[in-house]
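*Asks:* Here's a structure for you.
The values are calculated or read from the model by the stated rules, or taken from the named source; none is laboratory data. What you see is a predicted model, and the numbers here were worked out from it, not measured in a lab. When we count neighbours, we look across all protein chains shown, and the Cβ atoms used for this are built from the backbone with ideal geometry, even at glycine. Ligands, DNA and RNA are excluded from the accessible area calculation, which covers all protein heavy atoms including side chains. Shrake-Rupley method; radii C 1.70, N 1.55, O 1.52, S 1.80 Å.
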Amino acid sequence: MLRYTVRRVGQLILVLVVLSLLLFVWLRSLPGGPVSAILGDRATADKRRELEAVLGLDQPVFVQYFKFVGRVVQGNFGTSTGVAPGTSAVDVFTARFAATIELAIGAMLFALILGVPLGYLAARRRGGPLDTGGVIVSLIGIAVPVFFLAFLLKFVFAVKLGWLPPSGRQTPGIDATRVTGFFVLDGLLTREWDASWDALKHLILPSIALGTIPFAVIFRITRSSVMEVQTEDFVRTAQAKGLTNATIRDRHILRNAMLPVITVTGLQTGALLAGAVLTEKVFAYPGIGEALSISFTKKDFPVLQVVILAAAAAFVIVNTIVDLLYAVVDPRIRVR
């Protein structure tokens, strides 16, 4: 297990190095270079030379790259020019990343709590009403665009029925103490139950909208995986030995069927952490997806750098954790 873990961590570091190289090349490929991107095309020659010296652009390329990596390691990405002018790009990111993590957790809980049990039951009752209904709902979940579903949920449950708030993370002016940046958790830690419940209500609609595609994918993977595993010889052997249905389900079917589900869950979680631009835009949810949208519109390249690199790193780290979890579930993988 130790050798497997070291190998995966080594691959993680290599991928992060490649990511930093790609981001460095992208910055140099901007029209007019990063100086024009920051100052604009009407900047004077003196200001351009001054900024080039500050950024180290008057030095050889390999020196520029290592200085770029050094700034990344120190968390020095510069100052935001569009999302929050005058604020450090890292501060802009950290202030919003907790919101995106909270939203991603909500979406994945929605997808896993519904997707895995329904997928298992659909496979066990193949061809029945539950199986047919589940397949139809999963197809709808994949086919309907996220932004359309988000608008639909917002119109019905927030505007027409008024059951849930239409936007934001928490009601403006509510008395809430900030501890971790996760509003639901903060309310629980400080025993401000009204603040926690208010943040949870703001999270429901965006989580459902964002979780529909992961739900559909997890449901279909679980269903097909369980159908495949339950016809294996070792399952029939367990049935012939007289083991109870619960034992066969937990030890032989679900444990083996969960391997592809874990992989898919990791990929989906990483994608959600990379920023749910459309969902956050519809619900005015202040996460990194909304920051990414604003920074593209206003050419806020310092924020773009940190969001792209951090989102890619989060995706890689989550999938490395999934690889390690995969080895825990299936010991054969550790020795390959």
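*Asks:* How about segment 237-336: which helices (runs of 4 or more DSSP H) wholly inside it have at least 1 residues that are closer than 28 Å to Leu205 by Cα and without any contact (Cβ under 8 Å) to a residue 12 or more places away in the chain?
*Replies:* So the answer is 288-297.
*Asks:* I'd like the residue in segment 224-240 that is more than 12 Å from Leu259 (Cβ to Cβ) and of a type in the set (Gly, Ala, Ser) and, out of all such residues, is modelled with the highest pLDDT.
*Replies:* If we filter segment 224-240 for residues that are more than 12 Å from Leu259 (Cβ to Cβ), which is where we start, we get 224, 227, 230-240.
Now narrow it down to the ones that are of a type in the set (Gly, Ala, Ser): 224, 238, 240.
Details: Ser224: 88, Ala238: 83, Ala240: 83.
By that ranking, first place goes to Ser224.
*Asks:* Looking at Pro166, is it open to solvent by 30 Å² or more (accessible area, probe 1.4 Å), at pLDDT 85 or above and farther than 19 Å from Thr265 by Cα?
*Replies:* Working: open to solvent by 30 Å² or more (accessible area, probe 1.4 Å): yes; at pLDDT 85 or above: yes; farther than 19 Å from Thr265 by Cα: yes.
Spelling it out, Pro166 is indeed open to solvent by 30 Å² or more (accessible area, probe 1.4 Å), at pLDDT 85 or above and farther than 19 Å from Thr265 by Cα.
*Asks:* Let me ask something else. Could we say that Phe157 is surrounded by 16 or more Cβ atoms within 10 Å (Cβ to Cβ), in contact (Cβ under 8 Å) with a residue 12 or more places away in the chain and in a helix (DSSP H, G or I) here? Spell out the reasoning first.
*Replies:* Values: surrounded by 16 or more Cβ atoms within 10 Å (Cβ to Cβ): yes; in contact (Cβ under 8 Å) with a residue 12 or more places away in the chain: yes; in a helix (DSSP H, G or I): yes.
So Phe157 fits the description; yes.
*Asks:* Please state which one of Leu185, Leu200, Leu205 is in a helix (DSSP H, G or I), under 13 Å from Leu103 (Cβ atoms) and open to solvent by 50 Å² or more (accessible area, probe 1.4 Å).
*Replies:* Numbers: Leu185 fails: under 13 Å from Leu103 (Cβ atoms); Leu205 fails: open to solvent by 50 Å² or more (accessible area, probe 1.4 Å).
Criteria check complete, one pass: Leu200.
*Asks:* For segment 70-77, indicate whether the set of residues that are modelled with pLDDT of 80 or more and either touching a strand residue (DSSP E or B) at 6+ places or on another chain (Cβ under 7 Å) or surrounded by 21 or more Cβ atoms within 10 Å (Cβ to Cβ) (or both) is non-empty.
*Replies:* Checking segment 70-77: not a single residue is modelled with pLDDT of 80 or more and either touching a strand residue (DSSP E or B) at 6+ places or on another chain (Cβ under 7 Å) or surrounded by 21 or more Cβ atoms within 10 Å (Cβ to Cβ) (or both).
*Asks:* β-branched (Val, Ile, Thr) and open to solvent by 50 Å² or more (accessible area, probe 1.4 Å): is that true of Ile218 in this structure? Give the steps one after another, and end with the answer.
*Replies:* On the way: β-branched (Val, Ile, Thr): yes; open to solvent by 50 Å² or more (accessible area, probe 1.4 Å): no.
It is false that Ile218 is β-branched (Val, Ile, Thr) and open to solvent by 50 Å² or more (accessible area, probe 1.4 Å).
*Asks:* Still on this structure: Out of Ile105, Ile101, I need the residue that is open to solvent by less than 60 Å² (accessible area, probe 1.4 Å) and farther than 25 Å from Glu52 by Cα. Which one?
*Replies:* Numbers: Ile105 fails: open to solvent by less than 60 Å² (accessible area, probe 1.4 Å).
On inspection, the qualifying residue turns out to be Ile101.
*Asks:* Within segment 133-143, take every residue that is more than 12 Å from Leu114 (Cβ to Cβ) and open to solvent by 40 Å² or more (accessible area, probe 1.4 Å) and give me the one that is modelled with the lowest pLDDT. Before the answer, list the steps.
*Replies:* Filtering segment 133-143 down to residues more than 12 Å from Leu114 (Cβ to Cβ) leaves 133, 135-136, 139-140, 142-143.
Filter again for open to solvent by 40 Å² or more (accessible area, probe 1.4 Å), leaving 136, 139-140, 142-143.
On the way: Ile136: 86, Leu139: 84, Ile140: 83, Ile142: 80, Ala143: 83.
Filtering segment 133-143 for residues that are more than 12 Å from Leu114 (Cβ to Cβ) and open to solvent by 40 Å² or more (accessible area, probe 1.4 Å), the one modelled with the lowest pLDDT comes out as Ile142.
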